[in-house]
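Right, one structure below, let's go through it.
The values are calculated or read from the model by the stated rules, or taken from the named source; none is laboratory data. Keep in mind that this is a model prediction, so the values were computed, not measured. For neighbour counting, all protein chains shown are included, and Cβ atoms are generated from backbone atoms with ideal geometry for every residue, glycine included.
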Amino acid sequence: MCVRVCMHACTRAYMCVNNRAWQLAVEDLDKLLHIDSCHADAYFYRAQAYAELKLWDQSLADFSAAIHLNPRNSKAFYYRGCLLRKCA
């Protein structure tokens, strides 16, 4: 059951990101991260959604979490750097 809910939230969240439905993406990614708090991609995509919603602090925190969980995610480093530069 938990795996099915996780997969559904993940799939729906990615569709929301691709369709630029940022608030819906955040809501689905919140659900996914409540189930699996170590899902690096969920943090990455939620960070993107937060950035699009101009929620800079939340975006920065999620990019940092994505990097912590997956230090090989070069896009997370790049976008976090862009965000830090924007907010400086």
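Give region 32-69 a look and list any residue that's in a loop (DSSP other than H, G, I, E, B), surrounded by 16 or more Cβ atoms within 10 Å (Cβ to Cβ) and either touching a His at 6+ places or on another chain (Cβ under 7 Å) or among the polar types (S, T, N, Q) (or both), or say none.
Passing the criteria: none in range.
In this structure, does LYS75 turn out to be of a type in the set (Lys, Arg) and modelled with pLDDT under 95?
Taking the combined requirement at face value, the residue does not satisfy it.
If you scan region 1-16, which residues turn out to be surrounded by 11 or more Cβ atoms within 10 Å (Cβ to Cβ) and modelled with pLDDT under 85?
Once the filter is applied, which keeps residues that are surrounded by 11 or more Cβ atoms within 10 Å (Cβ to Cβ) and modelled with pLDDT under 85, region 1-16 yields VAL5, CYS6, MET7, HIS8, ALA9, CYS10, THR11, ARG12, ALA13, TYR14.
LEU32 - would you say it is over 18 Å from LEU69 (Cβ atoms) and at pLDDT below 95?
no
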